[in-house]
Amino acid sequence: MGNICATFSPPKPVVKQPENTFPNPPPLSISSNRWFRTRSSRREKVGESMSSEQALVAAAALFQKHPMDCSFDRSTSLRQPPSGRKNRNVLPRSSSSRARSLTDPLLQPHQLVNQDIKLDDLETNHFVLVHGGGFGAWCWYKTIALLEEVGYRATAIDLTGSGVHSFDPNSITDLSQYVQPLTDFLEKLPDGEKVILVGHDFGGACISYAMELFHFKIAKAVFIAAAMLSDGQNTLDMFSLQAGADDVMRQAQVFVYANGNDNAPTTIELKKPLLKDLFFNQTTAKDVALASVSMRPIPFPPVLEKLRLSETKYGSVRRFYIQTLNDNAIPVSIQETLIERSPPEQVFILKGADHSPFFSKPQALHRLLVEISKTKKP
């Protein structure tokens, strides 16, 4: 995701009809009649996106087969308000002066965290991983492997129309429909069981929605370069903070109007040649290849939906934010603004990480997730 509120002046787009395999959704009711349009030259067939499952299996096998035993690059730092600080909106910057590393070599789990992790002492050892717009559960394969190696439980969710979930993204009409696989999972958790929710990118808005409904089942929430919104905001509001006529996201976006030009866009597609610069500028070629065959269109109506978040529910969940400093999709300036507007309990900085740290900095990200899981209530 990125700055999707930009002004476009393209030729009149071609109307694209949804595939016959999926039912047409009801018309989307939106107050504004102004929509920025661009011509879409293609639409992925749903069948093509199913190759992501095969790509995930192959990538996971390669990851397990070729671990490298190298020294750990300490590329993370923590920003935390000092105790007693009255102004929660002011967060000190990290004093770390280490050079950013563009690599994050694969390590054995015992090199990342202490082997004496006492899982029984944790409030929960179960991570639930929620992908960003266009991504799917496949993007977490390294994170899952690293967490499970040290005894944690990890569940990655495919949101509706994402990953291998067989639903046409153009038929998604609201946020509740898009997030339903996550809310269904949380609803079925046994009484008394809690999880740590992790949201990336647009997944931040999705976990916020779930936090409002199931706050009593969520021990902590981790936002990774994510939409951490306030009550009454939508994701479009977040990206409107960024302006610039030549940014990569603006160039990469293609709006699809499956319900006709007189209606709102149904999805946003991203041009594959620009994916590396946008999401994976620090990521290895093999993971860029995995993403290029696995990413699917981003449903547009959920991006417009304003969240309803209360202090007694959403606000009762402990929140943590992980910043990615080499991010071209959600720049640091936007991440900083989100943090200042709604300060979380702790802020971590992930140096040398692009918008997809689960690929570009998997071990450093793993280390932070474990550290967050062990963080006691202040």
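The values are calculated or read from the model by the stated rules, or taken from the named source; none is laboratory data. Nothing here was measured: the structure is a model prediction, and the numbers come from that model. No Cβ is skipped: glycine too gets one built from the backbone with ideal geometry, and neighbour counts run over all protein chains shown. These accessible areas exclude ligands, DNA and RNA; they are computed on the full protein's heavy atoms, side chains included. Shrake-Rupley method; radii C 1.70, N 1.55, O 1.52, S 1.80 Å.
Would you call Ile144 open to solvent by 10 Å² or more (accessible area, probe 1.4 Å) and touching a strand residue (DSSP E or B) at 6+ places or on another chain (Cβ under 7 Å)?
Working: open to solvent by 10 Å² or more (accessible area, probe 1.4 Å): yes; touching a strand residue (DSSP E or B) at 6+ places or on another chain (Cβ under 7 Å): yes.
For Ile144, the condition - open to solvent by 10 Å² or more (accessible area, probe 1.4 Å) and touching a strand residue (DSSP E or B) at 6+ places or on another chain (Cβ under 7 Å) - is met.
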Near pairs, Cβ below 7 angstrom, 6+ apart or cross-chain, from region 192-203 (touching a residue at least 24 places away in the same chain (Cβ under 8 Å) and open to solvent by 10 Å² or more (accessible area, probe 1.4 Å)) to any residue that is small (Gly, Ala, Ser) and assigned to a strand (DSSP E or B): Lys194/Ala219
Checking Ala285 against (1) surrounded by fewer than 20 Cβ atoms within 10 Å (Cβ to Cβ); (2) closer than 14 Å to Ala225 by Cβ, the condition it does not meet: (2)
Leading residue by the ranking (farthest from the chain's Cα centre (by Cα)) among those in region 163-191 that are outside any helix (DSSP H, G or I) and within 18 Å of Phe127 (Cβ to Cβ): Pro190
Meets criteria (open to solvent by 40 Å² or more (accessible area, probe 1.4 Å) and either assigned to a helix (DSSP H, G or I) or within 20 Å of Val370 (Cα to Cα) (or both)) for Phe223: no
Filtered residues of region 163-180 (kept if open to solvent by 10 Å² or more (accessible area, probe 1.4 Å) and of a type in the set (A, V, I, L, M)): Val164
Test for Ala291: is it within 23 Å of His165 (Cα to Cα), touching a Cys at 6+ places or on another chain (Cβ under 8 Å), of a type in the set (A, V, I, L, M) and buried (at least 23 other Cβ atoms within 10 Å of the Cβ): yes
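Table: residues versus (1) buried (at least 23 other Cβ atoms within 10 Å of the Cβ); (2) out of contact with any helix residue (DSSP H, G or I) (no Cβ under 9 Å at 6 or more places or on another chain); (3) modelled with pLDDT of 95 or more; (4) among the β-branched types (Val, Ile, Thr).
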| site | (1), (2), (3), (4) |
| --- | --- |
| Gln251 | no, no, no, no |
| Arg296 | yes, no, yes, no |
| Pro301 | no, no, yes, no |
| Ser310 | no, no, yes, no |
Subset of region 113-127 (residues that are more than 12 Å from Leu147 (Cβ to Cβ), modelled with pLDDT under 90 and aliphatic (A, V, I, L, M)): none
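The rows are residues; the columns are (1) of a type in the set (Phe, Trp, Tyr); (2) at pLDDT 90 or above; (3) touching a Pro at 6+ places or on another chain (Cβ under 7 Å); (4) closer than 25 Å to Ser171 by Cβ.
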| residue | (1), (2), (3), (4) |
| --- | --- |
| Gln242 | no, no, yes, no |
| Val256 | no, yes, yes, yes |
| Asn261 | no, yes, yes, yes |
| Lys271 | no, yes, no, yes |
| Lys276 | no, yes, no, no |
| Gln282 | no, yes, no, no |
